[in-house]
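Data first, discussion second: the structure below is written as structure tokens.
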Amino acid sequence: MTSPKTLKSPLLIISPYLKKVFANISWLSFDQIIRMGVNTLTGILIARYLGKDLYGVFSYATAYIMIFSPMINFGFDSLIIRDLLRQPEKRDEIMGSSFLLRIIGAVTAISVIFISIQFVTKANILYLGVLYIFEMGFGALGLIIIYTQLQGFSLKQWHLTFQRAGYVMKESWPLLFAAASTFIYMRIDQVLIGRMINDGAVGIYSASTKIFELPFVLLSIFNTSFFPMLNELYNTDRERFYNRYEFLTGMYTFISIVILIGTLLFADYAVKLLFGAAFEDAGTILKIQIIGLVFLYNAGLRSLYLTITSNQKLLLNTSITSAVLNIVLNVLFIPSYGIRGSAVATVITIAFSLLFQNIIYKPTRKIFYLQLKSLLPILFVSEMTGRVISLVKRKIG
């Protein structure tokens with residue numbers, strides 16, 4: 001049983017052992033933070049400079065390239081964290097083997113991009129491919145500085161073992177295809193909008209998406225922070241694990257509601273301030289997309305749960321299904337409703353993928369009920385708010 005001293009509060013449930021181990025993994029989240037910050041800032045500057053039509057061309061090309069990005073890390077970031085927690089004494093073997101696989105993945109992804117653009121698009125994608133290489137290089141340099149200078153570790157101690165590399169490949173291939181499917185249903189809408197409407201529509205939709213994806217970084221930081229605690233509890237005290245899982249799911253959901261309310265109130269103003277008046281229609285799209293953030297945060301721990309319980313293959317099944325659903329919904333909705341229809345398709349896909357699909361598979365049914373339980377108070381409050389608003393309108397009328 002877990003010692004009472006270990007569980008001091010709902011948020012700080014990390015043993016002294018895990019506090020030491022956490023130093024080995026905390027730096028991993030910096031990659032996403034740095035890249036998201038750079039991407040957001042450069043995206044806003046580029047949008048303001050190019051205007052919505054040319055920014056649409058730029059975004060179309062970027063969406064095409066990003067579909068291949070999961071090949072770079074094979075989807076094994078969460079596996080690295082899990083293995084560092086379980087075997088901290090093998091840190092250098094884990095990091096060295098994973099680093100080689102990332103190099104292989106990066107070379108493969110870049111090769112596929114440069115070959116495929118010969119048949120599908122244009123010179124602008126070629127230029128973006130080159131820029132993407134430089135971006136990855138700067139991101140890697142930043143991680144090396146953090147790992148060596150701030151964390152005090154040495155790259156010279158990293159070493160490769162084929163046994164570890166084979167194990168990582170075996171464990172991570174479902175995560176690779178799951179990540180690829182997720183990128184497809186998160187990016188394919190921009191490709192379809194470009195094909196079915198025009199470049200200006202892609203520009204407006206992409207500006208909205210740029211803001212919509214900002215809270216993703218916060219979710220990533222939370223998950224990196226709580227993963228050690230959840231992993232330890234799952235292996236020592238299942239009852240406490242599910243109690244903490246429910247607590248954190250409720251906290252995540254509450255945070256998403258705060259973000260939702262703030263977005264509904266200030267979306268139009270934020271879009272005009274950041275991107276300019278030419279992109280003002282993106283405010284409406286953002287208000288639709290942000291509803292999906294509630295389901296995203298509500299299921300924020302889902303991927304960690306499947307990794308901890310060694311059910312990564314379910315990520316593959318659900319992600320492929322979601323990608324197909326999103327493509328079908330976009331094809332159906334865009335001709336009638338334009339980019340608003342695409343935003344609605346994204347929300348439906350996220351809700352189905354991260355919440356309702358959980359009831360289909362036995363390993364995820366328990367977390368389905370925990371997620372639904374976190375949403376029910378919100379649904380009740382929303383219903384009561386709607387009734388009050390209707391009552392006030394009737395009184396005024």
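Rule-based calculations on the coordinates, nothing more; no lab input. Here the structure is a predicted model, which is why all the values come from computation and not from measurement. As a convention, Cβ positions derive from the backbone with ideal geometry for all residues, glycine included, and neighbour counts pool all protein chains shown.
Below, the figures for the structure above:
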{"read-out": "Residue order, fewest to most beta carbons within 10 Å, for Thr284, Thr249", "value": "Thr284, Thr249"}
{"read-out": "Residues Leu214 and Val324, FRET efficiency given R0 of 25 Å [Cβ-Cβ distance, rounded to 0.05]", "value": "0.35"}
{"read-out": "Relative packing of 253-264, 291-302, which averages over residues the other C-beta atoms within 10 Å, highest first", "value": "291-302, 253-264"}
{"read-out": "Shape call, region 219-276: gyration tensor on alpha carbons, a/c limit 1.5", "value": "oblate"}
{"read-out": "Spin-label pair Thr121/Val38, simplified geometry with 7 Å Cα→Cβ offset, distance in nm", "value": "1.9"}
{"read-out": "Added length on full extension, which subtracts the Cα-Cα distance from 0.36 nm per residue, Asp92 to Leu264", "value": "57.2 nm"}
{"read-out": "Among the listed pairs Lys313/Lys362; Lys313/Lys366; Lys210/Lys366, those beyond 22 Å (Cα-Cα)", "value": "Lys210/Lys366"}
{"read-out": "Sites Ile359 and Lys156, calculated FRET efficiency, Cβ-Cβ separation with R0 35 Å, nearest 0.05", "value": "0.10"}
{"read-out": "Whole-Hz couplings from phi, Karplus 6.51/-1.76/1.60, listed for region 212-229; x for Gly and Pro", "value": "4, 7, 4, x, 4, 5, 4, 5, 5, 5, 4, 5, 4, 6, 8, 4, x, 5"}
{"read-out": "Residue exposure sequence - Thr307, Thr42 - by fewest surrounding Cβ within 10 Å", "value": "Thr42, Thr307"}
{"read-out": "Order of Met95, Met251 under a 10 Å beta carbon neighbour criterion, fewest first", "value": "Met251, Met95"}
{"read-out": "Gain in span if fully extended, Asp53 to Thr236, counting 0.36 nm per residue against the direct Cα distance", "value": "60.3 nm"}
